[in-house]
Amino acid sequence: MPLHPFHPVAPSDVAKIVHVVNTDGAFIPESAIIADDVGDVEYNEDGIRCGDRAFIVGRNRKKAKAIRKLLSVPKIDNIPYEVFFVSCNMDHVLFGTQNPAAKSKGQNARYFATHCKHPDDLNQSIFGDNICFDGPFQESWNFIQFDMNSLKRHTNLNILLKSLSN
């Protein structure tokens, strides 16, 4: 029976908590964060250009620390928990656009919500682009934390999708 929208969800109703994070270049060397007059933050596969370098350095340190902490959490309230990544952001992985305009982000989100209603839809949109990490879950996280990989177009969502197909 479908749950009423205001029906409380019991832990027994939840098989797994899945958390998807943008890497936003959080693991790149600080030397690849360049102060520049770009207005907002600009992501490229060779670095981050920004108006406030100190802010981005601090943000990356906090984000990397938070993600590493999340990776050490096996369960939340006795429910299995896993964190997956898209790099550098969802638009980058799904649409190949690393720095989309705000209007494009909204259009992309609507397109995704309309056309990707089943895991197979997502499989078709990302598996063919050679962006999925081909290996075990922990190795995918070791990979994305290395060098400039958290700015390049990668994801480990395929690992989740394969587990849903089984």
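The values are calculated or read from the model by the stated rules, or taken from the named source; none is laboratory data. Computed from a predicted structure; not experimentally measured. Using ideal geometry, Cβ is built from the backbone for each residue, glycine included, and neighbour counts are taken over all protein chains shown.
Okay, here's what the table says:
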{"quantity": "Cys50 touching a helix residue (DSSP H, G or I) at 6+ places or on another chain (Cβ under 7 Å), surrounded by 15 or more Cβ atoms within 10 Å (Cβ to Cβ) and more than 21 Å from Thr155 (Cβ to Cβ)", "calculated": "yes"}
{"quantity": "Flag if Tyr43 is out of contact with any Phe, Trp or Tyr (no Cβ under 8 Å at 6 or more places or on another chain), within 23 Å of Lys152 (Cβ to Cβ) and in contact (Cβ under 8 Å) with a residue 60 or more places away in the chain", "calculated": "yes"}
{"quantity": "Residue list for segment 67-94, filter: at pLDDT 95 or above and out of contact with any strand residue (DSSP E or B) (no Cβ under 9 Å at 6 or more places or on another chain)", "calculated": "Arg68, Lys69, Ser72"}
{"quantity": "Candidate set from segment 35-86 (those that are touching a Lys or Arg at 6+ places or on another chain (Cβ under 6 Å) and not in a loop (DSSP other than H, G, I, E, B)); member that is farthest from Val20 (Cα to Cα)", "calculated": "Ala35"}
{"quantity": "Residue match in segment 9-23 (condition: under 30 Å from Leu164 (Cβ atoms), surrounded by fewer than 17 Cβ atoms within 10 Å (Cβ to Cβ) and basic (Lys, Arg))", "calculated": "yes"}
{"quantity": "Candidate set: segment 12-34, residues that are at pLDDT 95 or above and assigned to a helix (DSSP H, G or I); chosen: the one farthest from Glu82 (Cα to Cα)", "calculated": "Ser31"}
{"quantity": "Filter result for Asp40 (modelled with pLDDT under 95, in contact with a strand residue (DSSP E or B) (Cβ under 9 Å, 6 or more places away or on another chain) and surrounded by fewer than 18 Cβ atoms within 10 Å (Cβ to Cβ))", "calculated": "yes"}
{"quantity": "Every residue from segment 24-33 that is surrounded by 14 or more Cβ atoms within 10 Å (Cβ to Cβ) and either in contact with a helix residue (DSSP H, G or I) (Cβ under 7 Å, 6 or more places away or on another chain) or closer than 21 Å to Met90 by Cβ (or both)", "calculated": "Asp24, Gly25, Ala26, Phe27, Ile28, Ile33"}
{"quantity": "Output for segment 75-117, where each listed residue is closer than 23 Å to Asn142 by Cβ and among the basic types (Lys, Arg)", "calculated": "Lys75"}
{"quantity": "Options Asn130, Asn149; residue that is surrounded by 13 or more Cβ atoms within 10 Å (Cβ to Cβ) and either farther than 20 Å from Ile17 by Cα or at pLDDT below 90 (or both)", "calculated": "Asn149"}
{"quantity": "Condition check for Gln98: at pLDDT 80 or above, surrounded by 12 or more Cβ atoms within 10 Å (Cβ to Cβ) and not in a loop (DSSP other than H, G, I, E, B)", "calculated": "no"}
